[in-house]
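Following: one structure in structure tokens, then a few remarks.
The values are calculated or read from the model by the stated rules, or taken from the named source; none is laboratory data. Note that the structure is predicted; figures quoted are calculated from it, not measured. Neighbour counts are summed over all protein chains in view; Cβ atoms, including those assigned to glycine, are modelled from backbone coordinates with ideal geometry.
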Amino acid sequence: MATKTAFAEYVQAGENIDYTATSDVAYLQVVPLVSRIGVALEPIAKGESGTVTLTGAFRLPAATGTALSVGTKVYWDETAGNVTTTPGDLVAGIAVENKAEAGTTVVVRIN
């Protein structure tokens with residue numbers, strides 16, 4: 001039985017996407033998507049479309065009480081508005097710097 005050949009149409013590199021805001025979004029605000037996060041590269045008014053990046057390393061707020069090592073998979077807690085190690089929250093990416101237990105930020109390579 002022959003398999004069907006499928007072709008793709010190139011659209012864009014995919015680092016940045018067009019995003020229609022459901023509420024006002026500020027420049028460099030974390031944008032929760034369905035299963036991961038992005039970061040707004042411009043202010044986006046509610047109902048308008050703007051650019052959100054899906055790649056890069058960003059300093060993000062982080063939950064205290066847990067030390068992080070480079071390479072630790074981290075998640076975004078939408079309610080608290082910070083990075084955690086709790087699976088089930090949105091995937092944020094990996095820590096690209098160590099964070100002390102008392103630290104309040106961490107650099108994360110998103111997604």
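For residue 32, state whether it is surrounded by 13 or more Cβ atoms within 10 Å (Cβ to Cβ) and farther than 18 Å from residue 93 by Cβ.
For residue 32, the condition - surrounded by 13 or more Cβ atoms within 10 Å (Cβ to Cβ) and farther than 18 Å from residue 93 by Cβ - is not met.
Taking into account only those residues within the range 46-80 that are part of a loop (DSSP other than H, G, I, E, B) and within 12 Å of the chain's Cα centre (by Cα), which is modelled with the lowest pLDDT?
The residue in question is 78.
Residues in the range 5-18: is at least one among the hydrophobic types (A, V, I, L, M, F, W, C) and either surrounded by 11 or more Cβ atoms within 10 Å (Cβ to Cβ) or on the phi > 0 side of the Ramachandran plot (or both)?
Yes, because at least one residue in the range 5-18 is among the hydrophobic types (A, V, I, L, M, F, W, C) and either surrounded by 11 or more Cβ atoms within 10 Å (Cβ to Cβ) or on the phi > 0 side of the Ramachandran plot (or both).
Right, residue 53: among the hydroxyl-bearing types (Ser, Thr, Tyr) and surrounded by 15 or more Cβ atoms within 10 Å (Cβ to Cβ) or not?
yes
If a residue must be charged (D, E, K, R), within 24 Å of residue 76 (Cβ to Cβ) and more than 14 Å from the chain's Cα centre (by Cα), how many such residues does the range 1-32 contain?
Matching residues across the range 1-32 total 2.
Counting only residues that are assigned to a loop (DSSP other than H, G, I, E, B) and either touching a Cys at 6+ places or on another chain (Cβ under 7 Å) or surrounded by 11 or more Cβ atoms within 10 Å (Cβ to Cβ) (or both), how many does the range 35-45 have?
Number of matching residues: 4.
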